[in-house]
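Here's the structure, in structure tokens; my notes come after.
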Amino acid sequence: MQAHLDGRTPGYRNEHRMLCRNGDYKWILDRGKVISNDADGRPLRMVGTHTDITERRRVQTELERAEATQRALLDAMADGVFVAQEHRFVFVNPALPRMLGYTVEEFTGLTFADVLHPDFLELWNERYERRIGAGPEPQRRYEVQLLNRDGDRPLWIELIASRFTYRDEPAVLGIVRDISDKKINEQTIWKQANYDALTNLPNRHLLLHHLRQEMRLSQRSGRQLAVLFIDLDRFKEVNDTLGHPAGDSLLQQAAQRITACMRDTDAVARFGGDEFAVVLGGLEHPDVVEQIAGKVLSALHQPFQLFNELVYVSASIGITLYPDSAQSQEDLLKQADQAMYDAKRAGRNRMSYFTPSMQASSERRLRLVSDMHTALTTGQFHLVYQPIVEIATGRVRKAEALIRWQHPERGHVSPTEFIPIAEETGLILPMGDWITRTAVGFARHLQQRLGDTVQISINHSPLQLRNRNGDYPGVVELLRKLDAPGSLVAVEITEGMLVEADEPALDCLYAMRDAGVQVALDDFGTGYSSLSYLKKFDIDYLKIDQSFVRGLSRDSSELALCEAMIVMAHKLGMQVIAEGVETIHQLDLLRAAQCDYAQGYLFSRPLPAEHFEAWLRENG
């Protein structure tokens, strides 16, 4: 106070605390003025007032504390807060500049154009003007990208913006949250939902989306589109023989080769397993489809380097056209799939266009599958038995069991029609289980009635050899469950099954050998005819295919081949059964060649169980 009363200051003002009589303190504002000075210029007379400002000081202190608290909260927030006027940041808390690599001082005064990603700038400016120019509105939420200080790392943020008045001028208040991790997770989830993890190709879901778009474009432009189904031939053999890593590598390389054959606008997807699908849109000329499919066939026919192995595969391609062949997505995909299977049946390594007859064939196949399920549960299948005669003695101690189907509406259905479908659908497992149980039961019946063993041969498919389904045990386990000796049955397999035998199939073959179940190689001479496999798997019988027996004559090449096969089999410790023997002349030639057994119409057609037993009593 003395500083104000030096005689040169006309007045004074001072705030101080005073102790009251009751012990409380009050804030007092003293204000005064010098009226006269003495000869030395010192204050002589003064006039002043004392004002109680305790309440005002209390309010001021609370305001200062509130402001400090708000500032501390803003400074401590992980979310950014800004106030913008005229497209410029006039206030910002530390969090937002820190997100982008600025200091508060550097960031204050920047414009939206300085930090907003160009993809969002035009839309933001438009909406900013709309917000500033209008009255109050609810908060708006946006997801946009901001640029960091160096401009090399866009940052995804969630922005909540609202209008308000700042220092008597319209402004935008924004709250900013970093959602980069959320966006990365969303992108990861989206990619997992739409892309195949192994090949990085679109999956079925994304291809269907692309197909819908292409169908709409086709409707507007009048141009065709094509759907291709591509299936790798012999993929399972590669996967089973060389292992899953090699199979994965094959799929990855195949995906790259297929993609390289396409135009920029075409879509390639992995549908699952070894199947790929392609959508070719905007076709000006239909022959483009055949050109692209031809490139794919050629590319996939080239050798694949799978680690240390050079592998050759091929592909089967099914093709259908929109709108010529189908009007819906489901029909297009179904037709392309049907055409692909037609290409496989025609020999593989080729393309096939969908035709209406394929649809009819597919519908018949579906009905047949349904009918087979019914047939298994209602006893429509039955076995017939064809004798296998020992040529040297004329005795019958073997027979082949053959399945027959008497359909209640269609009558007799050929095994050549339903057996391949049973193998494709897996129905061969319950069917094979029923065949084995029935054959073993009949062999036991004959043994009890005749006092001697008649070995029943049953045909086995590759799926049965590889089977690990506990509901349908293999031959050896089934014999154990039935408490039956292995000598009651023999198993017939094809040469192809030996060549393609994987570990489960090998285990099954070795288990049959150890259990005394004999193995016959059916249709010998029509498949791979690899001598190394004959030696490796301890085959008991070779069955010469009837195509060799049918043309037997004294100087025929068929006779020379039969003689060679018989000599080879005997050298390897195997016996030989000739199929399709129909004449005495054929039998005489086989006897001269020292063939062991014969089977065919010369002796008997396949017979139902009761008729076979009667025939056996007369001829056995």
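Return the total of residues in the range 192-214 being at pLDDT 90 or above and either outside any loop (DSSP other than H, G, I, E, B) or open to solvent by 70 Å² or more (accessible area, probe 1.4 Å) (or both). Outline the logic, then answer.
Filtering the range 192-214 down to residues at pLDDT 90 or above leaves 194-214.
Narrowing the set further to residues that are either outside any loop (DSSP other than H, G, I, E, B) or open to solvent by 70 Å² or more (accessible area, probe 1.4 Å) (or both) leaves 194-195, 197, 200, 202, 204-214.
Selection size over the range 192-214: 16.
Please work out which residue is modelled with the highest pLDDT, limiting yourself to the range 128-158 and to residues that are open to solvent by 80 Å² or more (accessible area, probe 1.4 Å) and outside any loop (DSSP other than H, G, I, E, B).
141
Which of the residues spanning the range 257-271 are open to solvent by 30 Å² or more (accessible area, probe 1.4 Å) and either in contact (Cβ under 8 Å) with a residue 40 or more places away in the chain or of a type in the set (Gly, Ala, Ser) (or both)?
Matches in the range 257-271: 257, 259, 260, 270, 271.
Hey, does the range 310-323 have a residue that's out of contact with any Gly (no Cβ under 7 Å at 6 or more places or on another chain), open to solvent by 20 Å² or more (accessible area, probe 1.4 Å), hydrophobic (A, V, I, L, M, F, W, C) and farther than 15 Å from residue 276 by Cα? Full working, then the answer.
Going through the range 310-323, the residues out of contact with any Gly (no Cβ under 7 Å at 6 or more places or on another chain) turn out to be 310-323.
Remaining after also requiring open to solvent by 20 Å² or more (accessible area, probe 1.4 Å): 310, 312, 321, 323.
When the remaining residues are screened for being hydrophobic (A, V, I, L, M, F, W, C), the result is 310, 321.
Subsequent filtering for residues that are farther than 15 Å from residue 276 by Cα retains 310, 321.
Checked the range 310-323: at least one residue is out of contact with any Gly (no Cβ under 7 Å at 6 or more places or on another chain), open to solvent by 20 Å² or more (accessible area, probe 1.4 Å), hydrophobic (A, V, I, L, M, F, W, C) and farther than 15 Å from residue 276 by Cα.
Just to be sure before I move on: is residue 288 without any contact (Cβ under 8 Å) to a residue 40 or more places away in the chain and open to solvent by less than 70 Å² (accessible area, probe 1.4 Å) in the structure I sent? Can you show your working first?
Numbers: without any contact (Cβ under 8 Å) to a residue 40 or more places away in the chain: yes; open to solvent by less than 70 Å² (accessible area, probe 1.4 Å): yes.
For residue 288, the condition - without any contact (Cβ under 8 Å) to a residue 40 or more places away in the chain and open to solvent by less than 70 Å² (accessible area, probe 1.4 Å) - is met.
List every residue pair whose Cβ atoms lie under 7 Å apart, where the two residues are 6 or more positions apart in sequence or sit on different chains, the first residue falls within the range 83-111 and is charged (D, E, K, R), and the second residue, located anywhere, is surrounded by fewer than 18 Cβ atoms within 10 Å (Cβ to Cβ) and in a strand (DSSP E or B).
88/111
Considering 161, 226, which residue is under 30 Å from residue 98 (Cβ atoms), buried (at least 17 other Cβ atoms within 10 Å of the Cβ) and aliphatic (A, V, I, L, M)? Break it down into steps so the answer makes sense when it comes.
Values: 226 fails: under 30 Å from residue 98 (Cβ atoms).
So the residue among 161, 226 that is under 30 Å from residue 98 (Cβ atoms), buried (at least 17 other Cβ atoms within 10 Å of the Cβ) and aliphatic (A, V, I, L, M) is 161.
Just to be sure I understand the filter: pairs with C-beta atoms under 9 Å, separated by 6 or more residues or on different chains, first member in the range 346-368 and open to solvent by less than 50 Å² (accessible area, probe 1.4 Å), second member modelled with pLDDT of 85 or more and of a type in the set (Phe, Trp, Tyr). Which pairs pass?
These pairs meet every condition: 352/341; 358/341; 362/341; 368/418.
Looking only at the range 534-571, how many residues end up being surrounded by fewer than 20 Cβ atoms within 10 Å (Cβ to Cβ), closer than 29 Å to residue 512 by Cβ and of a type in the set (Ser, Thr, Tyr)?
Residues meeting the conditions: 1.
Of everything in the range 164-190, what is surrounded by 14 or more Cβ atoms within 10 Å (Cβ to Cβ) and either among the small types (Gly, Ala, Ser) or assigned to a helix (DSSP H, G or I) (or both)? Give them in sequence order. Full working, then the answer.
Our first condition is that a residue be surrounded by 14 or more Cβ atoms within 10 Å (Cβ to Cβ); within the range 164-190, this holds for 166, 170-180, 183.
If the condition is that a residue be surrounded by 14 or more Cβ atoms within 10 Å (Cβ to Cβ) and either among the small types (Gly, Ala, Ser) or assigned to a helix (DSSP H, G or I) (or both), then 171, 174, 180, 183 are the ones that fit.
Return the pairs, sorted by first residue and then second, in which the second residue is aliphatic (A, V, I, L, M), the first residue lies in the range 478-495 and is in a loop (DSSP other than H, G, I, E, B), the beta carbons are less than 8 Å apart, and the residues are 6+ apart or on different chains.
482/440; 484/440; 484/443; 485/479
Looking only at the range 369-393, which residues are over 30 Å from residue 335 (Cβ atoms) and either free of Cβ contacts under 8 Å to residues at least 24 places away in the same chain or within 28 Å of the chain's Cα centre (by Cα) (or both)?
Selection gives 377, 378, 379, 393.
Anything in the range 175-226 that is basic (Lys, Arg), closer than 22 Å to residue 252 by Cβ and in contact (Cβ under 8 Å) with a residue 24 or more places away in the chain? List them, or say none.
We begin by selecting, within the range 175-226, every residue basic (Lys, Arg); these are 177, 182-183, 191, 204, 212, 216, 220, 223.
If we keep only those that are closer than 22 Å to residue 252 by Cβ as well, we get 191, 204.
Of everything in the range 175-226, just one residue is basic (Lys, Arg), closer than 22 Å to residue 252 by Cβ and in contact (Cβ under 8 Å) with a residue 24 or more places away in the chain, namely 204.
If a residue must be in contact with a helix residue (DSSP H, G or I) (Cβ under 7 Å, 6 or more places away or on another chain), β-branched (Val, Ile, Thr) and in a helix (DSSP H, G or I), how many such residues does the range 273-299 contain?
Total satisfying the criteria: 1.
Does the range 242-249 contain at least one residue that is over 18 Å from residue 197 (Cα atoms) and at pLDDT below 95?
The first filter runs over the range 242-249 and keeps only residues over 18 Å from residue 197 (Cα atoms), leaving 242-243.
The next check asks that each one be at pLDDT below 95; those that pass are 242-243.
There is at least one residue in the range 242-249 that is over 18 Å from residue 197 (Cα atoms) and at pLDDT below 95.
Name the residues in the range 83-106 that are crowded, with 18+ Cβ neighbours inside 10 Å, closer than 20 Å to residue 150 by Cα and not hydrophobic (A, V, I, L, M, F, W, C), would you?
Of everything in the range 83-106, those that are crowded, with 18+ Cβ neighbours inside 10 Å, closer than 20 Å to residue 150 by Cα and not hydrophobic (A, V, I, L, M, F, W, C) turn out to be 97, 102.
Determine, yes or no, whether residue 88 is touching a Gly at 6+ places or on another chain (Cβ under 7 Å) and either of a type in the set (Ser, Thr, Tyr) or modelled with pLDDT of 80 or more (or both).
So residue 88 passes the test.
Residues 265, 259: which one is over 18 Å from residue 344 (Cα atoms), modelled with pLDDT of 95 or more and not hydrophobic (A, V, I, L, M, F, W, C)? First the steps, then the outcome.
Details: 265 fails: modelled with pLDDT of 95 or more.
So the residue among 265, 259 that is over 18 Å from residue 344 (Cα atoms), modelled with pLDDT of 95 or more and not hydrophobic (A, V, I, L, M, F, W, C) is 259.
With respect to residue 371, determine if the residue is crowded, with 16+ Cβ neighbours inside 10 Å and under 26 Å from residue 207 (Cα atoms).
Working: crowded, with 16+ Cβ neighbours inside 10 Å: yes; under 26 Å from residue 207 (Cα atoms): no.
No: the conditions fail for residue 371.
Residue 392 - would you say it is under 30 Å from residue 591 (Cβ atoms), at pLDDT 90 or above, surrounded by fewer than 17 Cβ atoms within 10 Å (Cβ to Cβ) and hydrophobic (A, V, I, L, M, F, W, C)? Please lay out each step first, then the result.
Values: under 30 Å from residue 591 (Cβ atoms): yes; at pLDDT 90 or above: yes; surrounded by fewer than 17 Cβ atoms within 10 Å (Cβ to Cβ): yes; hydrophobic (A, V, I, L, M, F, W, C): yes.
Spelling it out, residue 392 is indeed under 30 Å from residue 591 (Cβ atoms), at pLDDT 90 or above, surrounded by fewer than 17 Cβ atoms within 10 Å (Cβ to Cβ) and hydrophobic (A, V, I, L, M, F, W, C).
In the range 395-439, what residues are within 15 Å of residue 472 (Cα to Cα) and open to solvent by less than 40 Å² (accessible area, probe 1.4 Å)?
Across the range 395-439, the qualifying residues are 422, 426, 427, 428, 429, 430, 431, 432, 433, 435, 436.
Taking the options 453, 494, name whichever one is at pLDDT below 90, crowded, with 19+ Cβ neighbours inside 10 Å and not charged (D, E, K, R).
Working: 453 fails: crowded, with 19+ Cβ neighbours inside 10 Å.
Every option except 494 fails the conditions.
The values are calculated or read from the model by the stated rules, or taken from the named source; none is laboratory data. No experiment lies behind these values; they were computed from the predicted model shown. All Cβ positions, glycine included, derive from the backbone under ideal geometry; neighbour counts span all protein chains shown. For accessibility, only protein heavy atoms count, side chains too; no ligands or nucleic acids. Shrake-Rupley method; radii C 1.70, N 1.55, O 1.52, S 1.80 Å.
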